[in-house]
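Beneath this line is the structure, given in structure tokens, with notes to follow.
The values are calculated or read from the model by the stated rules, or taken from the named source; none is laboratory data. It should be emphasised that the depicted structure is a prediction, and the values quoted were computed from it without experimental measurement. Here the Cβ positions follow ideal geometry from the backbone for every residue, glycine too, while neighbour counts run over all protein chains shown. Calculation scope for accessible area: heavy atoms of the full protein, side chains included, ligands and nucleic acids excluded. Shrake-Rupley method; radii C 1.70, N 1.55, O 1.52, S 1.80 Å.
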Amino acid sequence: MGSSKDQLLVRLKELQIDFSQYEHPVVLTVEAQAKYVGNKGGALSKNLFLKDKKHRYYIVSALADTKVDLKVLSQRLGLGKGGLRMAPEQALGEILQVPLGCVTPFALVNESARHVSLLLDQGIKTQERCFFHPLSNDISISLDAHGLDKFLKSTGRDPSYVDLEANPPVGKDQPPDLAAFIPSGSTVLPDLPDEAPASQDSTGNHVSAGTKSAAVIAKAVKPSGNVQNVKEKPVNGARPSIPSANAGKFVEELLDKTSTLLLSEISEDSIKQHGGQLGTEVVNNIQKCLREDLKNLATIFKNTAYTEGFYAGIHYQPKRL
Amino acid sequence: MEKKEDQQLQQEEEQVVNPWEVSAKDGGKIDYDKLIDKFGCQRLDQSFVDRVQRLTSRPPHVFLRRGVFFAHRDLNEILDAYERGDKFYLYTGRGPSSEALHLGHLIPFMFTKYLQDAFKVPLVIQLTDDEKCMWKNLSVEESQRLARENAKDIIACGFDISKTFIFSDFDYVGGAFYKNMVKVAKCVTYNKVVGIFGFTGEDHIGKVSFPPVQAVPSFPSSFPHLFSSKDDLRCLIPCAIDQDPYFRMTRDVAPRIGYHKPALIESLFFPALQGETGKMSASDPNSAIYVTDSAKDIKFKVNKHAFTGGQESIEKHRQYGANLEVVDIPIKYLNFFLEDDAELEHIKKEYGAGRMLTGEVKKRLIEVLTELVERHRRARAAVTDEMVDAFMAVRPLPNMFD
């Protein structure tokens, strides 16, 4: 359950932040908002909820007339030219826990938005007051940058303002100037491949045409991982869970790989060729081909289990005497 | 016996090889024989490869079989000691200058993982975030962030957490490590360090005082939480040959402060897609295959940018065969990454005779690279921040020699 607008307003008052609030019919755009509070002595803000290719999220909060160029921002963050997109609607609800048209820095009060990075337009500092939605788009509140900072600090963030219109060159000797805004520590979803990779078994030349499809199918059906939690997004309140070393899944993956190779090794041809010796032949091949692969899987499993133990160790509470 | 490299360095330099710049003479190939000669290290010949196979009871790594790791210093002493039952530890590192790692970056790590598994020895990995902060003018925070990000790709190479300690300079320098740094620094004059690394009066003092930081992980006393009772432990450093200057300096200093000289095992440079005039460059995305490249990217880059020795037309190719005198990148890359010796020989023969076309060689390379990158990506997905914390924690490794 995310914070409601009322909880937020109470919190702002508790923090002794000076703000004015105006209720109005639900608005989904800055233009619509302007109709109701445009003349109330505060600058309007536009708030973008963005996502990069590695599923990291950003809120860009700017004055309504500051020019924001996503291509430039993407480069300044070090994401290359086309690295930033508008986040999907679903993410608004899941991560920011606000309705459509209500992106606001105040959404960062929610645990689910812990890893969302915030870029604040330095123009906000130049205004006496600025309007934002407090988690609901039938209210707008205006406050000054100082008040906004106080709020952000209360969520454990360090507010910093950027010149969003700047377009500094980014290259070999000029590192991206906004790179520090890349969120770290978020659970990273494994990158989904653009297309099924044209990969073969490491046996290379011994693999016949029939095998290739079996291997590719096996890979497509069983996505990586004995590590289960890496794929889950944090849902409000829960801190990103430590992936658990799941013995069952691990064994399944080992059996899968072995079975695939086994099936590929036993065919009409190979039976004809090796006859009674087929068993030995297959075992040799399996050992040769799978040894390294299985060892790698085992190492990942071991490292994951160790990490679980390490985490438990550093969080362990000594017995009270 | 090491040669007096100072005199040679003062002579006309045709090719430039140092930790910050690698370029061949006149846009040609790097002359590795000349390099070995100039640096004063030893060629790694077949007898070594056979000996490693005997000692470890497993087939030698593809990089050893193909001469990718081709030079060494004192490897024979390490192997002699190992045979007597005296173990050693491994030390390698990375300068985290960019988030994007390419295959060239992975090479020393892939080889080091093999060494860890084959010899069953512990490993320390240094992330020189301070160096990159200084040389690449990154902020402290940014270089630390990059160090952690790179650590994830390094971990994905498959190191065993119960035998591996990863550390960043900004986090770890101090204590026993710093004491060794001062000991080393006292033994190297300003003139010497200028001679080795080419510093000038315009370079800031951070650069000038950095070399000891990269030198002291070679000494076990720099890691009291790991090697407190083993002051005698030897160190083997797998690295690319451009790092040799740091360790020449270290080997010079070591006996003077009562430590063993670290041994080295050195690799060739991984050529850029466009040809072998130098190293891959992190700033030109088309010069390298990155670990984040998709299968489509790899296919495009190899097909479009790989420099080959194939003839201009199919007819000419069938007639004359490929020109393998020139650096044919697909063959070169297969040399690094295609495990099967027999298949590689076959491809070289057929391609050289003109019976196999450039397109077919490229196709095989694309398969091999895609599988490699896919495997890495899957392993990388399993690495979490908590795992990085665990690898980087200053903790004992009780089973490091098991």
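Within the span defined as region B:286-303, every residue fails to be within 14 Å of chain A (Cβ to nearest Cβ), over 30 Å from B:TRP20 (Cα atoms), among the acidic types (Asp, Glu) and open to solvent by less than 60 Å² (accessible area, probe 1.4 Å).
For region A:298-309, a residue qualifies if it is more than 24 Å from the chain's Cα centre (by Cα) and at the interface with chain B (Cβ under 9 Å from one of its Cβ atoms), and the qualifying residues are A:THR299, A:LYS302, A:TYR306, A:GLY309. Checked against the criterion of being at pLDDT 85 or above and in a helix (DSSP H, G or I), the candidates A:VAL283, A:VAL230 yield just one match: A:VAL283. Exactly one residue out of B:PRO245, B:PRO220, B:PRO224 is over 21 Å from B:LEU264 (Cβ atoms) and not hydroxyl-bearing (Ser, Thr, Tyr): that is B:PRO224. Scan region A:89-102 and tell me whether some residue there is out of contact with any Gly (no Cβ under 9 Å at 6 or more places or on another chain) and within 24 Å of A:ASP144 (Cα to Cα). For region A:89-102, residues out of contact with any Gly (no Cβ under 9 Å at 6 or more places or on another chain) and within 24 Å of A:ASP144 (Cα to Cα): present. Report the residue count in region B:213-230 for those that are without any contact (Cβ under 8 Å) to a residue 24 or more places away in the chain and either within 21 Å of B:LEU79 (Cβ to Cβ) or not assigned by the TED database to the domain that holds B:SER267 (or both). Of the residues in that region, 1 qualify. Restricted to region B:135-186, and to residues there that are on the phi > 0 side of the Ramachandran plot and out of contact with any Asp or Glu (no Cβ under 9 Å at 6 or more places or on another chain), the residue that is surrounded by the fewest Cβ atoms within 10 Å (Cβ to Cβ) is B:GLY174. Hey, does region A:241-250 have a residue that's in a helix (DSSP H, G or I), of a type in the set (A, V, I, L, M) and in contact with a Leu (Cβ under 9 Å, 6 or more places away or on another chain)? There is no residue in region A:241-250 that is in a helix (DSSP H, G or I), of a type in the set (A, V, I, L, M) and in contact with a Leu (Cβ under 9 Å, 6 or more places away or on another chain). For region A:151-163, a residue qualifies if it is assigned to a helix (DSSP H, G or I) and buried (at least 17 other Cβ atoms within 10 Å of the Cβ), and the qualifying residues are A:PHE151, A:LEU152.
Within region B:42-87, the set of residues being under 26 Å from B:LEU344 (Cα atoms), in contact (Cβ under 8 Å) with a residue 12 or more places away in the chain and in a loop (DSSP other than H, G, I, E, B) comprises B:LEU44, B:ARG58, B:HIS61, B:ARG66, B:GLY67, B:VAL68. So the check is Cβ under 7 Å with 6+ separation or different chains; which pairs have a first residue in region B:261-272 that's over 11 Å from B:LEU236 (Cβ atoms) and a second one that's open to solvent by less than 10 Å² (accessible area, probe 1.4 Å) and polar (S, T, N, Q)? Cβ pairs passing all conditions: B:ALA272/B:SER287. Assigned by the TED database to the domain that holds A:PRO169, outside any loop (DSSP other than H, G, I, E, B), in contact (Cβ under 8 Å) with a residue 12 or more places away in the chain and not aliphatic (A, V, I, L, M), is that true of A:GLU94? Judged against the criteria, A:GLU94 is a match. Would you be able to say whether some residue in region A:176-190 is facing another protein chain (nearest Cβ under 10 Å), open to solvent by 60 Å² or more (accessible area, probe 1.4 Å), at pLDDT 50 or above and assigned to a loop (DSSP other than H, G, I, E, B)? Checked region A:176-190: at least one residue is facing another protein chain (nearest Cβ under 10 Å), open to solvent by 60 Å² or more (accessible area, probe 1.4 Å), at pLDDT 50 or above and assigned to a loop (DSSP other than H, G, I, E, B). Scanning region B:88-134 for residues that are of a type in the set (Gly, Ala, Ser), assigned to a strand (DSSP E or B) and open to solvent by less than 20 Å² (accessible area, probe 1.4 Å) yields a count of 0. Taken over region A:56-78, the residue count meeting the criterion of being under 22 Å from B:GLU149 (Cα atoms) and in contact with a helix residue (DSSP H, G or I) (Cβ under 9 Å, 6 or more places away or on another chain) is 5. Taking every residue in region B:124-137 that is within 13 Å of chain A (Cβ to nearest Cβ) and pairing it with any residue that is of a type outside the set (A, V, I, L, M), at least 6 positions away or on another chain, the pairs with Cβ-Cβ distances below 6 Å are B:LYS132/B:GLY95; B:LYS132/B:PRO96; B:LYS132/B:SER97; B:LYS132/B:SER143; B:CYS133/B:SER143; B:LYS136/B:SER97. Does A:ASN137 meet the test of being open to solvent by less than 50 Å² (accessible area, probe 1.4 Å), farther than 30 Å from B:LEU146 by Cβ, at pLDDT below 85 and in a loop (DSSP other than H, G, I, E, B)? Considered against the rule, which asks whether it is open to solvent by less than 50 Å² (accessible area, probe 1.4 Å), farther than 30 Å from B:LEU146 by Cβ, at pLDDT below 85 and in a loop (DSSP other than H, G, I, E, B), A:ASN137 comes out as yes. In region A:281-294, the qualifying residues are those that are without any contact (Cβ under 8 Å) to a residue 40 or more places away in the chain and open to solvent by less than 80 Å² (accessible area, probe 1.4 Å), and the one that is farthest from A:SER244 (Cα to Cα) is A:GLU281.
The condition of being assigned to a helix (DSSP H, G or I), more than 8 Å from chain B (Cβ to nearest Cβ) and of a type in the set (Lys, Arg) holds for only one of A:LYS288, A:LYS295, that being A:LYS288.
The set of residues in region B:347-379 that are open to solvent by 50 Å² or more (accessible area, probe 1.4 Å) and facing another protein chain (nearest Cβ under 8 Å) comprises B:ARG375, B:ARG378. Taking region A:1-57 as the range and being part of a strand (DSSP E or B), surrounded by 17 or more Cβ atoms within 10 Å (Cβ to Cβ) and of a type outside the set (A, V, I, L, M, F, W, C) as the test, the residues that pass are A:SER45, A:LYS46, A:ASN47, A:LYS51, A:ASP52, A:TYR57. Scanning region B:32-47 for residues that are open to solvent by 60 Å² or more (accessible area, probe 1.4 Å) and under 18 Å from the mean Cα position of the chain (by Cα) yields B:GLN42, B:ARG43.
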